[in-house]
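**Q** I'd like to ask some things about the structure below.
The values are calculated or read from the model by the stated rules, or taken from the named source; none is laboratory data. Note that the coordinates shown come from a computational prediction; the quantities given were computed from them, not determined experimentally. Cβ sites come from the backbone with ideal geometry, for glycine too, and all protein chains shown count toward neighbours.
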Amino acid sequence: MTWRISKLGMLVAMICLNSNVLAQQPKFRVETDVYVGANKEPAQQYLTLFSQGIYYDFSYDKPELITVIDPARKQIAIFDSNRKMQLVDSMDRLTEIVERAKLEAPGTPLAVVIAASELVKVDRTTGKIVVGDATMRYEATLQASGSPEMTRQYADFANWSARVNSVRPPYLPPYTRLSLNQAIADSGQLPNTIIRTSEIGGRIDEVSCKLIPGWRLSSDDEAKIANIGVMESTFKHVTETEFFPQLQARRQTTSVEK
């Protein structure tokens with residue numbers, strides 16, 4: 001009987017501990033405007049909500065597509081509210097793909113990008129971070145963060161976004177951005193602006209973004225998060241090629257070219 005009471009007490013303590021951890025998780029938001037080249041109007045706009053350790057990414061341009069990054073469950077889910085479907089991917093799988101590509105990179109153009117990703121310069125006076133070289137280069141300026149945990153969560157969100165973008169359009173190698181995110185995490189701040197410059201076939205492309213953080217969630221933000229729970233329980237689970245038909249077409253084209 002004593003053993004059962006002790007075990008029950010431990011279970012209650014664990015539940016209370018988990019509840020306290022969730023209660024201590026910050027709730028905040030980051031709006032991101034993305035610009036291409038010298039254009040003054042944003043090409044894309046995003047709203048990212050951070051709540052209880054989960055990251056919810058909404059596109060203003062494609063509001064039907066929502067990405068949910070859940071580190072505790074080690075999964076990334078993408079929802080399509082128009083087609084009422086969801087694609088759930090494993091963080092372990094994404095990590096394996098990124099690491100395997102790194103191991104297989106020697107002797108390929110990717111090796112140059114990976115080597116340059118280790119070139120990190122931090123100007124403590126101006127707060128400017130520069131990572132990479134002319135092949136792929138990131139420059140970031142910083143702004144104050146609401147707390148160290150907010151900084152950590154934003155960097156974690158940016159890491160997983162970079163990994164996702166490496167296996168799906170736009171197929172960007174993630175290594176330079178991962179190095180930038182680590183430097184941002186080390187700074188204890190949030191990015192204010194980020195500029196990515198890349199040179200492909202002699203053409204120089206520049207994409208920049210401006211981040212606007214907010215230290216609390218609105219009632220509309222909370223409603224968006226609550227709606228995700230409905231999507232998760234009702235939307236059909238599909239494969240990657242069902243969710244992204246263009247991936248199947250791309251793979252078939254690649255197979256024919258080989």
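**Q** Got a number for residues in the stretch 185-208 being surrounded by 19 or more Cβ atoms within 10 Å (Cβ to Cβ), of a type outside the set (S, T, N, Q) and closer than 30 Å to Phe244 by Cβ?
**A** So the count comes out to 3.
**Q** Here's another thing I want to ask about it. Quick one: Pro173 ticks every box in (1) surrounded by fewer than 19 Cβ atoms within 10 Å (Cβ to Cβ); (2) of a type outside the set (A, V, I, L, M); (3) part of a loop (DSSP other than H, G, I, E, B); (4) in contact (Cβ under 8 Å) with a residue 60 or more places away in the chain except a single one, so which number is it?
**A** (1)
**Q** Taking the criterion of being hydroxyl-bearing (Ser, Thr, Tyr), modelled with pLDDT of 95 or more and more than 16 Å from the chain's Cα centre (by Cα), would at least one residue in the stretch 209-228 satisfy it?
**A** Yes, there is a match, as at least one residue in the stretch 209-228 is hydroxyl-bearing (Ser, Thr, Tyr), modelled with pLDDT of 95 or more and more than 16 Å from the chain's Cα centre (by Cα).
**Q** Test Ala111 against the stated conditions and say whether it is touching an Asp or Glu at 6+ places or on another chain (Cβ under 7 Å), surrounded by fewer than 17 Cβ atoms within 10 Å (Cβ to Cβ) and outside any strand (DSSP E or B).
**A** no
**Q** Ok, one more. Return the residues of the stretch 114-152 that are loosely packed, with under 14 Cβ neighbours inside 10 Å and acidic (Asp, Glu); say none if nothing qualifies.
**A** Glu118, Asp123
**Q** Regarding the stretch 245-255, can at least one residue be identified that is at pLDDT 95 or above and in a helix (DSSP H, G or I)?
**A** No.
**Q** Which ones in the stretch 120-141 are assigned to a loop (DSSP other than H, G, I, E, B), more than 15 Å from Asp186 (Cβ to Cβ) and touching a residue at least 40 places away in the same chain (Cβ under 8 Å)?
**A** Passing the criteria: Ala134, Thr135.
**Q** While we're looking at this one, here's another question. Tell me which residues, restricted to the stretch 61-107, are among the polar types (S, T, N, Q) and more than 14 Å from Val164 (Cβ to Cβ).
**A** Across the stretch 61-107, the qualifying residues are Ser81, Asn82, Gln86.
**Q** A further question follows. How about the stretch 231-244: which of its residues are surrounded by 10 or more Cβ atoms within 10 Å (Cβ to Cβ) and modelled with pLDDT of 95 or more?
**A** Passing the criteria: Met231, Glu232, Phe235, Lys236, His237, Val238, Thr239, Glu242, Phe243.
**Q** Another question, if that's okay. Answer yes or no: is there a residue in the stretch 61-74 that is under 20 Å from Ala226 (Cβ atoms), exposed (fewer than 13 other Cβ atoms within 10 Å of the Cβ) and not aliphatic (A, V, I, L, M).
**A** The answer is yes, given that some residue of the stretch 61-74 is under 20 Å from Ala226 (Cβ atoms), exposed (fewer than 13 other Cβ atoms within 10 Å of the Cβ) and not aliphatic (A, V, I, L, M).
**Q** Sticking with this one: Suppose we filter Asp156, Asp220 for residues that are without any contact (Cβ under 8 Å) to a residue 40 or more places away in the chain, acidic (Asp, Glu) and out of contact with any Lys or Arg (no Cβ under 8 Å at 6 or more places or on another chain); which single one remains? Even if it seems obvious, please write down each step before you answer.
**A** Values: Asp156 fails: without any contact (Cβ under 8 Å) to a residue 40 or more places away in the chain.
Going through Asp156, Asp220 in turn, just one is without any contact (Cβ under 8 Å) to a residue 40 or more places away in the chain, acidic (Asp, Glu) and out of contact with any Lys or Arg (no Cβ under 8 Å at 6 or more places or on another chain): Asp220.
**Q** Shifting gears a bit: Based on what the data block shows, is Ala162 touching a Lys or Arg at 6+ places or on another chain (Cβ under 9 Å) and either more than 23 Å from Asp80 (Cβ to Cβ) or assigned to a helix (DSSP H, G or I) (or both)?
**A** yes
**Q** So, Ser90, is that one surrounded by 14 or more Cβ atoms within 10 Å (Cβ to Cβ), in contact with a strand residue (DSSP E or B) (Cβ under 8 Å, 6 or more places away or on another chain) and of a type in the set (Ser, Thr, Tyr) or not?
**A** No, not satisfied.
**Q** Can you name the number of the only condition in (1) crowded, with 20+ Cβ neighbours inside 10 Å; (2) within 14 Å of the chain's Cα centre (by Cα); (3) within 17 Å of Ser145 (Cβ to Cβ) that Gln182 fails?
**A** Result: Gln182 passes all but (1).
**Q** Are any residues in the stretch 71-99 touching a Phe, Trp or Tyr at 6+ places or on another chain (Cβ under 8 Å) and assigned to a strand (DSSP E or B), and if so, which ones?
**A** Ile76, Ile78, Phe79, Asp80, Met85, Gln86, Leu87
**Q** Based on what the data block shows, is Thr151 modelled with pLDDT of 95 or more, among the β-branched types (Val, Ile, Thr) and more than 18 Å from Phe28 (Cα to Cα)? Spell out how you get there, then give the answer.
**A** Working: modelled with pLDDT of 95 or more: yes; among the β-branched types (Val, Ile, Thr): yes; more than 18 Å from Phe28 (Cα to Cα): no.
No.
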